[in-house]
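Structure, as structure tokens:
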Amino acid sequence: MSDPILEVRNLHVHFDTYDGTAEVINGVDFTLDEGETAALVGETGCGKSVTVKSVMGLVPEATIPEGEIIYKGQNVLDLSDAERHARRGREMSMIMQDPMTSLNPVLTVGEQMTDVLKWQGQPRMSVTSWVRDKLDRGSDAEYRERAVEMLSDVEISAPERVFESYPAELSGGMRQRVLIAIALLSEPDLLIADEPGTALDVTTEAKVLDLLDELVEERNTSVLYITHDLGVAREVSDRINVMYAGEIVEQAPTADLFADPQHPYTRGLLDSIPSLSTGIGDGIAGHLPDYTDAPEACRFADRCPHAQPECREAYPYPRETGDDHNVACHLFEGRPAHDRHADLAADPVDIGVPPWEASDASSESDAVADGGSHS
Ligand SMILES: Nc1ncnc2c1ncn2[C@@H]1O[C@H](COP(=O)(O)OP(=O)(O)O)[C@@H](O)[C@H]1O
Ligand code: SF4
Ligand SMILES: [Mg+2]
């Protein structure tokens, strides 16, 4: 097994709002190994972007009361702003959710790409030095060549023309390719793709995903892929982390998660993809809790078809239910998934076994009983 490039441990992220403190991210743990693609999956508003922006150091308005974000063995929360800034681009890059707002509308694609090549890993520059640099364009030929090459790598057919274009002159699919090109330009070791297909139609999205896959494969880049769609996560990732209301409720290698989905939320997500339906329930009614007043125990209890009174009293800490498979739900037993919850094993909450397993078991024993009565 390769070394982890990124380990997020017990991450908590809060925002001060007019309604009080929004405790959005509530003890998130996940690991991304070198060269691996891991997905973070959950419905809109569950905290995916806040999590990855925290990794990138892009939520200055948030407080992080607890947790560690360990990149290549070092907790980046211990670094100064300048040190984190220097890592962005050179070490880690992010493709943002919305290509229109993450490109600068007043600069051409070429100017933005040249800036990345020139300034990655450099300390923040002053406006005057940036303007002075813009006036001195003599040394840009080399950057231009690399940028144009990268545009053609992301299969933009007229890279020279796109290099000269402003973002508003390009289609959505083209802008998303430009963002991928910009993110890959500095050859980052870690690429975070935050719903890179959302602004695109299905066909273009599939093409962009294939392309991204190919490019990261070639460069052995580690990828954290954010999506609200388990079907997309299945296509692109080696491991899946399912997130609900700022917590990881289930994590497993992709094949295992689909072979044996356990958390009621994961099963509900699968039911919303008709071809992957578990046949239990019809998706998930209801909505995410208010983060300024989130339930103390299971955050999913209001929407869970299997909720018991205990689920509203005792917090469902994640447990290891199989090899590398963790689930945070009282329906499952197992060793606590994280050392900090080690004392839990002595005091499990018993709400019975998952109803779908109970009905599997009883239909099997019925079959045996039937078989017996006929012989
Ligand atoms: N700067 C902020 N101030 C207050 N709340 C925020 C801020 N940024 C995000 N949130 C809240 O955090 C929650 C999770 O948001 P987000 O991470 O964007 O969800 P996702 O990416 O999963 O759709 C949302 O309820 C959102 O309103
Ligand atoms: S802990 Fe209870 S409410 Fe929460 S997901 Fe499990 S069964 Fe449902
Ligand atoms: Mg988001």
* What is the helix-to-structure angle for 355-374, meaning the angle in degrees between its Cα long axis and the longest Cα principal axis of the chain, kept from 0 to 90 and rounded to the nearest 10? -> 40 degrees
* **Sequence of Ile284, Ile25 from largest to smallest accessible area, 1.4 Å probe** => Ile284, Ile25
* So, with a 1.4 angstrom probe, what is the percent of accessible area on the range 150-222 that is carbon and sulfur? -> 45 percent
* His228 accessible area, nearest 10 Å², 1.4 Å probe? -> 90 Å²
* To do: Using a 1.4 angstrom probe on the protein heavy atoms only, line up Asp323, Asp3 by accessible area, largest first.
  => Asp323, Asp3
* Structure fact -> With every protein chain in place, the accessible area of Lys53 for a 1.4 Å probe, in Å² rounded to the nearest 10, comes to 70 Å²
* Using a Gaussian network model of the chain whose springs link C-alpha atoms within less than 10 Å, name the residue from Asp229, Asp19, Asp324 with the highest mean-square fluctuation. => Asp19
* To do: Have a look at Ile64, Ile226, Ile182 and tell me which one the Gaussian network model of the chain (Cα, springs below 10 Å) gives the largest fluctuation.
  => Ile64
* Rank these by accessible area, largest first, 1.4 Å probe: Glu34, Glu247. => Glu34, Glu247
* When the chain is treated as a GNM, springs tying every alpha-carbon pair under 10 Å, which of Gln308, Gln262, Gln176 comes out with the largest mean-square fluctuation? -> Gln308
* Measure out, as a whole number of angstrom, how far apart the alpha-carbon centroids of the range 1-72 and the range 300-334 sit. => 21 Å
* Asked: For the chain, what is the mean residue ellipticity at 222 nm derived from helices alone (per DSSP H run of n ≥ 4: -39500 (n - 2.57); sum divided by total residues; nearest 500 deg cm²/dmol)?
  -> -10500 deg cm²/dmol
* When all protein chains stay in place, what accessible area (Å², nearest 10, 1.4 Å probe) is found for Ser102? -> 40 Å²
* Unit charges on C-beta of K, R, D, E only; dipole of the chain, Debye -> 1360 debye
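The values are calculated or read from the model by the stated rules, or taken from the named source; none is laboratory data. It should be emphasised that the depicted structure is a prediction, and the values quoted were computed from it without experimental measurement. Cβ sites come from the backbone with ideal geometry, for glycine too, and all protein chains shown count toward neighbours. Only protein heavy atoms, including side chains, enter the accessible area calculation; ligands, DNA and RNA are left aside. Shrake-Rupley method; radii C 1.70, N 1.55, O 1.52, S 1.80 Å.
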